[in-house]
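Novice: Pasting a structure here, questions to come.
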Amino acid sequence: MSDTKAIDQLVEHYKELKQEIHKVIVGQDDVVDQVLISIFSRGHCLLVGVPGLAKTLLVNTISQTLGLSFNRIQFTPDLMPSDIIGSEILDENRQFKFIKGPLFSNIILADEINRTPPKTQSALLEAMQERSVTAGGVNYKLPNPFFVLATQNPIEQEGTYPLPEAQLDRFMFNVWVDYPSYVEELAIVKSTTSDTKIELRHVLTGDNIIEYQDLIRRIPVADNVMEYAVKLVGKTRANSEFAPQITKDFISWGAGPRASQFLIVGAKCHAAIRGKYSPDIEDVKAVAKPILRHRIVRNYRAEAEGYSMDSIIDALL
């Protein structure tokens, strides 16, 4: 099958996938789009929002429609690295045997990831970057495909440990999950307070997802789109030749090269799911906010003058 026909097929599968997800999830269209784009782009996703906005339900629903294995890990202050990756035990033959932890699954929901200390958070770093785990000097490959979809509560800071910048950078998207509208909330209450049972069907298999991930990587990108993405990331660095005045005034640290890579891959996927065979600058702009908002560090002046991360990114765009 040619790549153009494969993209047409991806569009059809994507529509089916969203229809299945919206049997359970009401609204949150942008959030669903961004999570699915991160999956097809072979990236990880951080969902930030107050409790009760169906972040966990969304991840669970997506795993069911994709026909992938799914594990939920509830992050708590007493969680140890071995609770995630697994540990070695002495078996009946007095030989050490590695028992795999919940990390060995296609989709990992890291629930309230900022509630566990840095030692345990760092256990995810190798898994997210290398798709493998090292225990007892032995390297174990994780299943393919593999995604970490983490949730974080932005309001309750007592007993939380901020994610280190190195780990934040591993997440392709930082997705803000907002409150539903009045109409959406009414639909949520109607559907969840009755005894209606919803059956979800598998739209894609793991092999389909891997094929589409490879397809996304093969999509060609024009030089002007590539240059726009790299310049946009350069604009976030105060010492860059492309830095506007707002960057020099309000940003302490800008985004690294991983942001440029994700902007291009994300733009490719954003274009593909809309039936386009190559991304343009509008596709880069569409994925810019969730890619940049957790990679830029504002200074005190920005906070004092009320400049949010999104408003700074809007000015850069």
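Novice: Estimate the FRET efficiency between D178 and L57 by the formula 1/(1 + (r/R0)^6), using the beta-carbon distance for r and 22 Å for R0, to the nearest 0.05.
Specialist: 0.90
Novice: Given K55/K100; K23/K289; K5/K268; K55/K141; K18/K141, which pairs have Cα atoms separated by over 22 Å?
Specialist: K55/K100; K23/K289; K55/K141; K18/K141
Novice: How large is ³J(HN,Hα), in whole Hz, for each residue of the range 284-292 in order, when computed from phi with the Karplus curve 6.51 cos²θ - 1.76 cosθ + 1.60 and θ = phi - 60°, using x for Gly and Pro?
Specialist: For the range 284-292, the Karplus-derived couplings read 5, 4, 5, 9, 5, 4, x, 7, 8 Hz, x marking Gly and Pro.
Novice: Let me ask something additional. Over the range 3-206, what relative contact order in percent results from Cα pairs under 8 Å that are six or more residues apart?
Specialist: 33 percent
Novice: When the chain is modelled as a GNM with alpha-carbon springs shorter than 10 Å, which of I198, I216, I291 fluctuates the most?
Specialist: I198
Novice: Given that compact globular proteins tend to follow 2.2 N^0.38 Å, what is the ratio of the alpha-carbon Rg of the range 221-316 to that value?
Specialist: This ratio for the range 221-316 stands at 1.09.
Novice: Another one. Expressed in whole Å with the largest first, what are the equivalent ellipsoid semi-axes of the chain derived from the C-alpha gyration tensor as the square root of 5 times each eigenvalue?
Specialist: Details: eigenvalues 182, 133, 103 Å².
Its equivalent ellipsoid spans semi-axes of 30, 26, 23 Å.
Novice: Turning to a different aspect of this structure: Reachable aspartates and glutamates from K15, Cα under 17 Å, same-chain residues fewer than 8 places away excluded?
Specialist: Once the sequence-local aspartates and glutamates are set aside, what remains near K15 is D29, D30, D33.
Novice: Taking every DSSP beta bridge with both residues inside the chain, roughly what % is antiparallel (nearest 5)? Don't skip to the answer; put the middle values down first.
Specialist: Working: 11 of 28 bridges.
Rounded to the nearest five, the antiparallel share is 40 percent.
Novice: Also: Just to be sure I understand the model, the point goes 7 Å from the Cα along the line to the Cβ. What's the resulting A238 to V138 distance in nm?
Specialist: Calculated label separation equals 5.0 nm.
Novice: Can I ask one more? Using the Cα centre of the chain as the reference point, and only Cβ charges (+1 on K/R, -1 on D/E), how large is the resulting charge dipole? Debye, rounded to the nearest 20.
Specialist: So the dipole magnitude of the chain works out to roughly 500 debye.
Novice: Most fluctuating residue of F242, F70, F262 in a GNM of the chain with Cα springs under 10 Å: which is it?
Specialist: So, out of F242, F70, F262, the one fluctuating most is F242.
Novice: With an 8 Å cut-off on Cα pairs and a minimum separation of 6 or more residues, tell me the relative contact order of the range 221-316 in percent.
Specialist: After rounding, I find 31 percent.
Novice: Moving on. Whole-Hz Karplus ³J(HN,Hα) for the range 13-24, in order, using 6.51 cos²θ - 1.76 cosθ + 1.60 and θ = phi - 60°, x for Gly and Pro?
Specialist: 4, 5, 5, 4, 4, 5, 4, 5, 4, 6, 5, 10
Novice: A further question follows. Taking the Cβ of N174 as the center, what net charge do the other residues with Cβ under 9 Å away carry, scoring Lys and Arg +1 and Asp and Glu -1?
Specialist: Net local charge, N174 excluded: +3.
Novice: Within the range 171-223, report the GluC sites (Glu not before Pro) that DSSP leaves as loop and that have at most 14 other Cβ atoms within 10 Å.
Specialist: E199
The numbers here are math on the coordinates, done by the rules we state, and not lab data. Computed from a predicted structure; not experimentally measured. Here the Cβ is made from the backbone with ideal geometry for all residues, glycine too, and neighbour counts use every protein chain on show.
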